[in-house]
Amino acid sequence: MESARIIAAAARIVRDVGIAEEIAQDALVAALEQWPRTGVPDRPGAWLTAAAKNRAVDLVRRRETYARKLAEVGRELTEETYDPEPSGPGDIDDDLLRLIFTSCHPVLSAEARAALTLRLVGGLRTDEIARAFLVPEPTVAQRIVRAKRSLAKAGVEFEVPYGEERAARLGSVLEVIYLIFNEGYAATAGDDLLRPALCEDALRLARVLAGLMPEEGEVHGLAALLEIQASRTAARTGPDGEPVLLSAQNRGRWNRLLIRRGFAALERAGRGADFGPYALQAAIAACHARAVTYEETDWRTIAALYARLAAVAPSPVVELNRAVAVSMADGPAAGLALVDALAAEPALAHYHLLPSVRGDLLSRLGRPAEARAEFERAASLTRNTRERALLLDRARTLPPA
């Protein structure tokens, strides 16, 4: 939970992302060695960050060529905390956000930028990142290793980009924040459906970025999307942590403050005709938020928005979501035709939501035997315990063929 902040604090001193990650690991090892003897400190995150900073300063001291930087570091470390307010209108004074911009340096490919940042900032494992991009795990592992080498070889520092350079990295930064939130919203693996800390970090970063770049419509679009999606968190799980489907959620538990914040951010995103991918997704989320009940959802508008999203940012996952919306607007048969057209997509070969959606549509069409097989296949593909239990339960509760 603390690794991203520790890496960011160390990177601010050593100006090297790869070395900062090693320093953060050293601090965690030191905690494992000392805490069993001394007890867990009252503020474990602060302890880890201080340990990492001390190791970073020691490393800088050992390098004669960093004498000037050491003097700057010494002045910074005399303060207990950093000023939370930016020192200038264009400054990034958030270590995590600075780390994201550094990891999204143009020297890296777009895929490598996202993979490295998700690893460093989101703390995601390679399998979780692989799911986000629908690619094999070894591919992601190679991207991360090569990205670190490329940053070190190019001498990329822990820097604050400005002007056109900042704008050039913005797309990757938005993608990373979006993917971090998604992993928190629906965890790839483990015993819990949600990872709230990831959602909170992503939402905070989106808000900081929106304040930093108020003229960028897609920044506000992303902020709107995350605000509205986060509003449903309390209703997405039951008393024992089991998933609750959208159709069964108690909408009285949706956070109205976050919804209002999301609507306000969506207004700042610009005109609907000019919406980019994140603003379009926010508009879809807003349709759900405006519906008082599930039955009142404007599925035709949602299907139309997904069609626009597919044109702007084509993806088999977007098409799958569009198929769901079409099935609600025009019937399950229309949705099933779109889903079946995606069956040969290599990127969806191991994506559990494809057979899950197909099972739901077959169930609605009165084909329980086929639906049961799809739900069981979906359960075999997911590595999240809660999702697997839900899918197997749906398979068991289907009527006999």
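The values are calculated or read from the model by the stated rules, or taken from the named source; none is laboratory data. Here the structure is a predicted model, which is why all the values come from computation and not from measurement. Cβ sites come from the backbone with ideal geometry, for glycine too, and all protein chains shown count toward neighbours. Calculation scope for accessible area: heavy atoms of the full protein, side chains included, ligands and nucleic acids excluded. Shrake-Rupley method; radii C 1.70, N 1.55, O 1.52, S 1.80 Å.
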* For the range 268-285, what are the residues that are of a type in the set (A, V, I, L, M, F, W, C) and surrounded by fewer than 16 Cβ atoms within 10 Å (Cβ to Cβ)? -> ALA273
* Hey, does the range 202-221 have a residue that's touching a His at 6+ places or on another chain (Cβ under 9 Å) and farther than 21 Å from SER172 by Cα? -> no
* Only one of these is acidic (Asp, Glu) and at pLDDT below 95: GLU374, GLU345, GLU319. Name it. => GLU345
* Residue count, the range 196-239 (criterion: in a helix (DSSP H, G or I), closer than 17 Å to LEU257 by Cα, touching a Lys or Arg at 6+ places or on another chain (Cβ under 8 Å) and not hydrophobic (A, V, I, L, M, F, W, C)) -> 2
* Verdict on ALA265 being touching a Phe, Trp or Tyr at 6+ places or on another chain (Cβ under 9 Å), crowded, with 20+ Cβ neighbours inside 10 Å and small (Gly, Ala, Ser) -> no
* Asked: GLU374 versus (1) exposed (fewer than 15 other Cβ atoms within 10 Å of the Cβ); (2) free of Cβ contacts under 8 Å to residues at least 24 places away in the same chain: which is the lone unmet condition?
  -> (1)
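Yes/no matrix, rows are residues, columns are (1) within 22 Å of the chain's Cα centre (by Cα); (2) open to solvent by 50 Å² or more (accessible area, probe 1.4 Å); (3) not aliphatic (A, V, I, L, M):
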site	(1), (2), (3)
PRO316	yes, no, yes
ALA325	no, no, no
GLY331	no, no, yes
VAL339	no, no, no
ALA343	no, yes, no
HIS352	yes, no, yes
LEU362	no, no, no
ASN384	yes, no, yes
ALA389	no, yes, no
* If only one of VAL135, VAL107, VAL121, VAL176 is modelled with pLDDT under 80 and either touching a His at 6+ places or on another chain (Cβ under 8 Å) or of a type in the set (A, V, I, L, M) (or both), which one is it? -> VAL121
* In the range 158-192, the residues that are within 17 Å of ILE100 (Cα to Cα), of a type in the set (Gly, Ala, Ser) and buried (at least 20 other Cβ atoms within 10 Å of the Cβ) -> SER172
* Does GLU157 satisfy the criteria of being at pLDDT below 85, more than 17 Å from ALA282 (Cβ to Cβ) and either in a loop (DSSP other than H, G, I, E, B) or in contact with a helix residue (DSSP H, G or I) (Cβ under 7 Å, 6 or more places away or on another chain) (or both)? -> yes
* Odd one out for ARG290, checked against (1) over 30 Å from VAL208 (Cβ atoms); (2) surrounded by fewer than 16 Cβ atoms within 10 Å (Cβ to Cβ) -> (1)
* Hits in the range 244-258 - residues which are open to solvent by less than 60 Å² (accessible area, probe 1.4 Å) and not in a loop (DSSP other than H, G, I, E, B) -> LEU246, ARG251, LEU258
